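What follows is a short report on a single structure.
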Amino acid sequence: MKKTIALVLTLVLIFALACPSAFAADKGSVYWLNFKPELDEAAQALAAKYTEQTGVPVKVVTAASGSYSQTLTSEMDKSSAPTLFVIGNQAGVKEWGEFAMDLTGTPIAEELSTDAYNLYDADGRLVSIGYCYECYGIIVNPDLIEKAGHSMDEIKNFDGLKAVAEDIHARAAELGFDAFSSSDMDGSSSWRFTGHMANLEYFYEERDAGGWTECPASLTGAYIGNFKNLYDLCINNSLTDPKDLATGGHDAENEFKTGKAAFFVNGSWEYAAVSADVPNATMIPYYCGVEGEEKAGLNCGTENCWAINDTVSDADKQATMDFMVWLVTDPEASAVMVEQLGVLPYKHVPTSANGFLAAAAKYSDDGCYVMDWATNYQPNVDDYRAALVSALNAYNADQSDANWELVKTAFVDGWAVQYKAANG
């Protein structure tokens with residue numbers, strides 16, 4: 001018997017030495033196909049650290065910018081396919097959802113601080129979850145608000161925003177600054193209004209419809225008046241005459257940075273540029289007169305959403321789940337992720353150093369609703385926005401009812417036209 005046991009142990013030892021991976025396989029392994037090129041260096045370092053701590057192999061491959069879809073298609077055909085990949089929008093859900101594990105009730109889903117960035121398939125399966133996001137709204141210089149004799153506490157809805165902005169504009173010569181920076185309609189700026197600010201109309205329509213899972217064939221235009229409220233406030237209480245917006249040439253960012261304007265319509269990516277000059281700059285929602293908007297948050301969205309490959313082994317799925325949880329709960333790992341990505345929608349990550357993203361998180365923590373990026377559904381986006389720019393330029397030059405009807409037509413009817421052009 002002793003000889004038999006010794007022989008078995010010898011054979012096991014020989015097999016282990018010849019095939020060490022056979023035993024490590026019990027722990028599974030992780031293959032992360034990374035979506036963000038700017039994260040690659042940090043992701044590689046985190047993977048190495050995790051392997052050092054746990055013994056679980058973690059491989060990171062980063063797709064070149066603009067090539068993720070092609071890389072994913074190629075890699076998923078291989079025998080050693082990614083265990084962690086990105087499904088970033090509803091089109092991706094249709095294409096890759098069947099390969100994704102249902103994350104409902106899993107440890108990584110339990111770490112989420114919001115459901116706002118999650119993607120579900122037609123059967124209600126949670127196929128991917130957001131791991132970072134950006135936001136946009138109205139950037140504010142609180143110091144200028146106070147210098148004008150107001151406080152940020154007054155700005156909790158459109159009426160409050162309108163009262164402060166119109167008072168500042170009326171006293172611009174006396175104060176030495178105006179309310180809004182320029183709202184140019186040239187290519188370098190128009191997207192702030194035809195893409196971003198337009199989202200307030202889409203978002204509230206989407207909310208009324210119970211959420212969109214694909215581009216709707218038409219809009220009702222129910223909230224076009226709310227878009228007009230905010231747009232009018234921006235162009236008529238600004239450093240620049242609306243008639244001069246068509247050709248552009250005004251530096252809205254610099255106007256804000258140099259203290260010439262208290263409000264600047266833009267997004268979280270502007271934080272580094274403006275915070276050096278306006279260190280306590282913050283961001284407020286698109287207040288536009290919708291009932292209950294006191295509980296509105298910022299416009300937040302992402303196409304950075306993690307999915308776990310449901311076709312890999314159970315051990316690899318578990319290893320991938322454990323690695324994801326580590327990324328958002330380990331103090332050092334999560335600090336690196338926040339430093340690289342700005343803000344993560346998870347309960348145990350550090351506060352973002354980006355003040356605008358921190359503001360977005362604060363609104364969410366206070367129970368405010370996130371205005372998701374319904375604007376991503378714009379059909380034939382370039383043609384749609386070009387028609388809207390043309391109509392807005394006509395309106396800027398002459399704010400007549402007739403010209404506003406042209407804006408409504410481009411905004412609402414133009415959606416149906418471009419939807420048909422894109423979908424037949």
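The values are calculated or read from the model by the stated rules, or taken from the named source; none is laboratory data. Nothing here was measured: the structure is a model prediction, and the numbers come from that model. No Cβ is skipped: glycine too gets one built from the backbone with ideal geometry, and neighbour counts run over all protein chains shown.
Considering (1) of a type outside the set (Val, Ile, Thr); (2) surrounded by 15 or more Cβ atoms within 10 Å (Cβ to Cβ); (3) modelled with pLDDT of 95 or more, the lone condition that Tyr133 does not fulfil carries the number (3). Candidates are the residues of region 264-277 that are among the aliphatic types (A, V, I, L, M) and surrounded by fewer than 22 Cβ atoms within 10 Å (Cβ to Cβ); the one that is modelled with the lowest pLDDT is Ala272.
Only one residue in Leu119, Leu161, Leu112 is in contact (Cβ under 8 Å) with a residue 60 or more places away in the chain, in contact with a Ser or Thr (Cβ under 6 Å, 6 or more places away or on another chain) and either β-branched (Val, Ile, Thr) or under 21 Å from Asn299 (Cα atoms) (or both). Which one?
Working: Leu161 fails: in contact with a Ser or Thr (Cβ under 6 Å, 6 or more places away or on another chain); Leu112 fails: in contact with a Ser or Thr (Cβ under 6 Å, 6 or more places away or on another chain).
Only one candidate qualifies: Leu119.
Check whether at least one residue in region 308-320 is touching a helix residue (DSSP H, G or I) at 6+ places or on another chain (Cβ under 7 Å) and either assigned to a helix (DSSP H, G or I) or under 14 Å from Tyr369 (Cβ atoms) (or both), and report yes or no. Break it down into steps so the answer makes sense when it comes.
Residues of region 308-320 that are touching a helix residue (DSSP H, G or I) at 6+ places or on another chain (Cβ under 7 Å), as a first pass: 308-311, 315, 319.
Next, from what is left, pick out any that are either assigned to a helix (DSSP H, G or I) or under 14 Å from Tyr369 (Cβ atoms) (or both): 315, 319.
Within region 308-320 (the criterion being touching a helix residue (DSSP H, G or I) at 6+ places or on another chain (Cβ under 7 Å) and either assigned to a helix (DSSP H, G or I) or under 14 Å from Tyr369 (Cβ atoms) (or both)), the answer is yes, since at least one residue qualifies.
When Ser79 is tested against the conditions (1) polar (S, T, N, Q); (2) part of a helix (DSSP H, G or I); (3) more than 25 Å from Glu332 (Cα to Cα), the lone failure is (2). Counting only helices (runs of 4 or more DSSP H) that sit completely within region 137-205, those holding 2 or more residues that are within 27 Å of the chain's Cα centre (by Cα) correspond to 158-170. Each residue in region 361-386 was checked for being touching a residue at least 12 places away in the same chain (Cβ under 8 Å), of a type in the set (D, E, K, R) and part of a helix (DSSP H, G or I), and 3 of them qualify. Candidates are the residues of region 56-76 that are among the small types (Gly, Ala, Ser) and outside any loop (DSSP other than H, G, I, E, B); the one that is modelled with the lowest pLDDT is Ser69. When Cys234 is tested against (1) crowded, with 19+ Cβ neighbours inside 10 Å; (2) of a type outside the set (Lys, Arg); (3) in a loop (DSSP other than H, G, I, E, B); (4) without any contact (Cβ under 8 Å) to a residue 60 or more places away in the chain, exactly one condition is not met: (3). Tallying residues that are crowded, with 21+ Cβ neighbours inside 10 Å, out of contact with any strand residue (DSSP E or B) (no Cβ under 8 Å at 6 or more places or on another chain) and in contact (Cβ under 8 Å) with a residue 40 or more places away in the chain within region 344-360 yields 2.
Are any residues in region 242-260 under 19 Å from Ala391 (Cβ atoms) and either in a loop (DSSP other than H, G, I, E, B) or within 28 Å of the chain's Cα centre (by Cα) (or both), and if so, which ones? Can you show your working first?
Initial filter on region 242-260 (under 19 Å from Ala391 (Cβ atoms)): 242-248.
Those that are under 19 Å from Ala391 (Cβ atoms) and either in a loop (DSSP other than H, G, I, E, B) or within 28 Å of the chain's Cα centre (by Cα) (or both): Leu245, Ala246, Thr247, Gly248.
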